[in-house]
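To start, the structure under review is shown below, and the notes come after it.
The values are calculated or read from the model by the stated rules, or taken from the named source; none is laboratory data. Remember, predicted model here, so these are calculated numbers, not experimental data. In this analysis, Cβ positions are derived from the backbone assuming ideal geometry, glycine residues included, and neighbour counts consider all displayed protein chains. Note: accessible area is taken over every heavy atom of the protein model, side chains too, but ligands, DNA and RNA are not part of it. Shrake-Rupley method; radii C 1.70, N 1.55, O 1.52, S 1.80 Å.
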Amino acid sequence: MLSGCAGRVCHVLVLVLCLSAAEDFDWTKNDRGSFYYGTFPTGFSWGAGSSAYQTEGAWDKDGKGLSIWDVFSHKKGKVFLNDTGDYACEGYYKLKDDISLLKELNLNHYRFSISWPRVIPTGIRSDHVNEKGIKYYDTLIDQLLENKITPIVTLYHWDLPQVLQEKYGGWQNISMVNYFNDFASLCFERFGNRVKHWITFNNPWSVAVEGYETGEHAPGLKLRGTGAYRAAHHIIKAHAKVWHTYDNQWRNKQNGVVGISLSGDWGEPVDITNLKDIEAAERYVQFYLGWFATPVFHGDYPQVMKDFVGRKSAQQGLGTSRLPTFSSQEKSYIKGTCDFLGVGHFTTRYITQKTYPPGRGSTYFADRDLAELVDPRWPDPGSEWLYSVPWGFRRLLNFVKTQYGNPMIYITENGVSEKMKCTELCDDWRIQYYKDYINEMLKAIRDGVNVKGYTAWSLLDKFEWDEGFSERFGLYYVDFKNKNKPRYPKASVQFYKRIINFNGFPNLREVENWKRKATETCSSSNQLLAADPLTSHMEMVTEIVVPTVCTLCILISAVFLMFLLSRRN
Ligand code: NOJ
């Protein structure tokens, strides 16, 4: 009798233990701690990133088709100062130079994206495959490997072939799933013998919300309240299909991994003792990263999204929710399609509850019933939206750990831009940002978060979407006014390099020393750059002024000669 009872107690205990193994994120404890000196696990991978449209240029060269960003940026008024990515960093022609920058940094990996219309000009594989485009990526991959740099390849960093947008409405249309799968299969087929890390989508939140809801990004559609949800639905299905294709057809032969890269700002409750604030902050994160992460890890949208969008849709008199639903077959097909999670993270917001009345038009933003706030003391060295809040990074990583069963994580983007309009290579604020954010990542790893690699965003200054070239995220400064687009190292190059070489942070004295040394070396390059207007001026003299003067001289001499001849007659 006693033993039977003890057995039951044991059983209950085991059950309780099992249930509590699915951890809960603790919203009420934000232990910030001080700077942590220590090292990253052996084999931790350090990298830097880029994307095709932002850096390659060569927008219409060697058989490349148009992307939605080519078309969008060529329309007046869409991008700051009407900048375009036509030339960008001319990365297409400067492969060797850029690889030497990666080597200079001593990086383990390089994250870049493949431009879909460069390899399949119309987006439809059966139409035509552009071998010149394939060759470009072949060379890039080969050269990386020759230099012992692992390629991490993104298949979709926002440059949808324009034909697919025009013919089908882009990500509003379910047919994208198969076209994207055909493109991905081509990449596995042609590059998969050498590429072992694949990212299907980069930051689908942005594609959905900024591309199809607010229209700030290509293709510039403003389908408020429905466009983003529909685009996201198709993107998630496309991601899952590509993961299964790899799993069924390539994994055995190629032994790689396929993940997705999600961006997520952190949302911290304004008051961590107030349940309403905590719920609002959780909604913020679920509507952001959770929107995509929950389906790929658990098979469906976050419950809170289904509840909120469903309720608001009903209040608006709609028969069904504006948030599409997955069938049960789809749910099991999508669940578990993530070998690793890519996390792109830049900033944090304070969040509080705010109710949006249903009548005032439906939007993704109103569906969340919350308000975003910032602390005026947070440094904001770069883009308007980018406040430096390092502790938010550790919070986000711990949230991912608890929600999705401690998945393998690669940080696919983290970095800061600069407001500075004049040239400045001594970027001490970027050094500070990297130092503090990388340190919070180290703390998260000590918390047990499974982070395998870190990608500084970005290697170069580049085309920053609707902000054009006005926001510079690069470790290397690019002189866009010069047609050769020369690159110059900012001070942060030296600092990041030391973190990499030490695989962490040794002690206060050393790290302060790194900072000092890094800022010392940048001033001489600053002077070099200051001389650049002179170089451009010289170029103008040799390329425009000299030929024009010569032509004029020849013309004048000819006229003069004719005049002399006519007088002799
Ligand atoms: C995320 C995007 O993926 C990337 O292309 C962009 O440069 C950064 N955000 C900074 O805005």
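For the ranges 347-356, 195-204, what's the packing order if you count other beta-carbon atoms within 10 Å of each residue, average per peptide, and put the highest first?
On the way: 347-356: 18.5, 195-204: 23.6.
Highest-to-lowest ranking by the protection proxy: 195-204, 347-356.
For the range 325-340, backbone phi angles converted through the Karplus equation (6.51, -1.76, 1.60; θ = phi - 60°) give residue-by-residue couplings of 10, 9, 6, 5, 5, 4, 4, 6, 5, 7, 4, x, 8, 8, 6, 8 Hz, Gly and Pro being listed as x.
If you plug the beta carbon distance of residue 521 and residue 484 into 1/(1 + (r/R0)^6) with R0 = 22 Å, you get a FRET efficiency near 0.45. Highest mean packing comes first when the peptides 410-418, 398-406 are listed by Cβ atoms within 10 Å, giving 410-418, 398-406. Across the options 165, 469, 123, the greatest Cα extent toward the positive end of the charge dipole of the chain (unit charges at beta carbon of Lys, Arg, Asp, Glu) belongs to 123. Over the chain, accessible surface divided per residue gives 43 Å², non-protein components excluded, 1.4 Å probe. The convex hull built on the alpha-carbon positions of the range 295-382 has an orientation-averaged projected area of 8.3 nm². Between the amide H of residue 67 and those of 162, distances stay under 5 Å, these residues lying 5 or more places away or on another chain, with hydrogens modeled in the peptide plane. Structural descriptor for the chain: relative contact order 15 percent, calculated from alpha carbon pairs under 8 angstrom and at least 6 residues apart. With the helix formula -39500 (n - 2.57) applied to DSSP H stretches of n ≥ 4, the chain reaches a computed 222 nm mean residue ellipticity of -14000 deg cm²/dmol. Taken one residue at a time, the phi angles of the range 439-451 give Karplus couplings (6.51, -1.76, 1.60, θ = phi - 60°) of 5, 5, 5, 4, 4, 4, 5, 5, 6, x, 6, 8, 8 Hz. Gly and Pro are set to x.
Taking all Cα pairs closer than 8 Å and separated by 6 or more residues, the relative contact order of the range 401-519 comes to 28 percent.
The range 85-115 and the range 274-300 have Cα centres spaced 35 Å apart. Evaluated with a Cβ-only charge set (Lys, Arg +1; Asp, Glu -1), the range 74-126 carries a dipole of roughly 300 debye about its Cα centre, given to the nearest 20. When the accessible area of the chain is split by element with a 1.4 Å probe, what percent falls to carbon and sulfur? Summing carbon and sulfur atoms, their accessible area is 56 percent of the total for the chain. For the chain, the Kirkwood hydrodynamic radius from C-alpha pairs, put into Stokes-Einstein at 4 °C and a viscosity of 1.567 mPa s, yields a diffusion coefficient of 51 µm² per second.
Could you go through the range 471-487 in sequence order and give the Karplus-derived ³J(HN,Hα) for each residue, using 6.51 cos²θ - 1.76 cosθ + 1.60 with θ = phi - 60°, rounded to whole Hz, and x for Gly and Pro? Computed from phi, the couplings for the range 471-487 are 10, 9, 9, x, 6, 10, 7, 10, 8, 6, 6, 8, 5, 7, 6, x, 10 Hz. One quarter of the surface of the convex hull around the alpha-carbon atoms of the range 404-457 equals 4.4 nm², the direction-averaged projected area. Farthest toward the positive end of the dipole of the range 231-291, out of 269, 281, 242, is the Cα of 242, where the dipole comes from beta carbon charges about the Cα centre. Among the listed pairs 103/485; 103/435; 237/490, those with a Cα-Cα distance over 30 Å are 237/490. Here the dipole of the chain is about 560 debye; that uses its Cα centre as origin and unit charges on the Cβ of Lys and Arg (positive) and Asp and Glu (negative). Remark on residue 45: its backbone amide H falls under 5 Å from those of 453, 454, a criterion applied only to residues 5 or more positions apart or on other chains, H modelled at 1.01 Å from N. So who's got an amide H within less than 5 Å of the one on residue 256, skipping anything under 5 residues away but keeping other chains? H placed 1.01 Å off N, in plane. Under 5 Å from the amide H of residue 256: no residue qualifies.
If you take the beta carbon distance between residue 146 and residue 62 as r and set R0 to 30 Å, what does 1/(1 + (r/R0)^6) give as a FRET efficiency, to the nearest 0.05? Kindly include the intermediate steps, with their values, before the conclusion.
Details: r = 23 Å, r/R0 = 0.75.
The pair residue 146/residue 62 has a calculated efficiency of 0.85.
The range 325-351 and the range 356-418 have Cα centres lying 16 Å from one another. Among the listed pairs 132/497; 419/515; 253/331, give every one whose C-alpha distance is greater than 25 Å. Over 25 Å apart, Cα to Cα: 132/497; 253/331.
Centre-to-centre, using Cα atoms only, the range 459-515 and the range 158-178 are separated by 35 Å. Report note on the peptides 220-229, 280-289: ranked by the mean count of other C-beta atoms within 10 Å, highest first, their order is 280-289, 220-229.
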